[in-house]
Amino acid sequence: MPVSGLGPYDDANIFAKILRGEIPSRLVYEDGWAFAFHDIAPQAPVHVLVIPRGRYVSLADFSASASNEEIVGFFRAVGVVARELGLEEPGYRAVANIGAHGGQEVPHFHVHLFGGEALSGRMVNPRVG
Ligand code: 5GP
């Protein structure tokens, strides 16, 4: 059961449609656990979303309900994506918004990768400012 207050997983959410190939995305990376694509409204020179293939509404849901294999596979993929994008050096920011107070808009767990320039020192999504 989802634990984030976002309700049960909705197979009609936009990232589910992207995963199923029903709407297009600019693919960055995919493997058995994860799928990564460019954000449609980038907030940094590089803004990529990494999502698990499984049906999890949020990080809260994913961390509570996903198998160890899914969690390891997903987070290893996040690191691979950042490395392959050339973000590891000089660095980047990884953000997961969770629920209403976290500003989460799409109810399929995703990690934002921001990079390509020196980011604000504040520990927030640059979009919020
Ligand atoms: P959240 O606020 O849920 O953490 O972030 C959702 C992100 O998904 C936003 O940065 C938004 O720009 C992005 N987004 C929303 N719809 C689409 C879409 O159809 N395609 C892509 N590539 N990104 C989307």
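The values are calculated or read from the model by the stated rules, or taken from the named source; none is laboratory data. The structure presented is a predicted model; accordingly, all values stated were derived computationally and were not measured. Here the Cβ positions follow ideal geometry from the backbone for every residue, glycine too, while neighbour counts run over all protein chains shown.
Take the conditions in contact with a strand residue (DSSP E or B) (Cβ under 9 Å, 6 or more places away or on another chain), more than 10 Å from the ligand (Cβ to nearest atom) and over 25 Å from G7 (Cβ atoms) and apply them to A77. Does it pass?
On the way: in contact with a strand residue (DSSP E or B) (Cβ under 9 Å, 6 or more places away or on another chain): yes; more than 10 Å from the ligand (Cβ to nearest atom): yes; over 25 Å from G7 (Cβ atoms): yes.
Criteria met by A77.
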* Filtering region 74-96 down to residues that are free of Cβ contacts under 8 Å to residues at least 40 places away in the same chain and part of a loop (DSSP other than H, G, I, E, B), which residue is surrounded by the most Cβ atoms within 10 Å (Cβ to Cβ)? -> A96
* **Residue, nearest to the ligand (Cβ to nearest atom), within region 97-115, restricted to residues that are over 15 Å from A36 (Cα atoms) and outside any loop (DSSP other than H, G, I, E, B)** => G102
* Take the residues in region 16-68 that are under 13 Å from the mean Cα position of the chain (by Cα), part of a loop (DSSP other than H, G, I, E, B) and hydroxyl-bearing (S, T, Y), then tell me which one is farthest from the ligand (Cβ to nearest atom). => Y56
* To do: Check whether at least one residue in region 56-67 is within 24 Å of G115 (Cβ to Cβ), touching a Ser or Thr at 6+ places or on another chain (Cβ under 8 Å), among the hydrophobic types (A, V, I, L, M, F, W, C) and modelled with pLDDT of 95 or more, and report yes or no.
  => yes
* To do: Starting from region 34-45, take each residue that is over 19 Å from F75 (Cα atoms) and list its partners that are exposed (fewer than 14 other Cβ atoms within 10 Å of the Cβ), counting only C-beta distances under 8 angstrom and pairs at least six apart or across chains.
  => A44/E117; P45/E117
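Identify, from the list D31, D61, the residue that is among the charged types (D, E, K, R) and buried (at least 21 other Cβ atoms within 10 Å of the Cβ). Talk me through it step by step, then tell me what you get.
On the way: D31 fails: buried (at least 21 other Cβ atoms within 10 Å of the Cβ).
Only one candidate passes the filter, namely D61.
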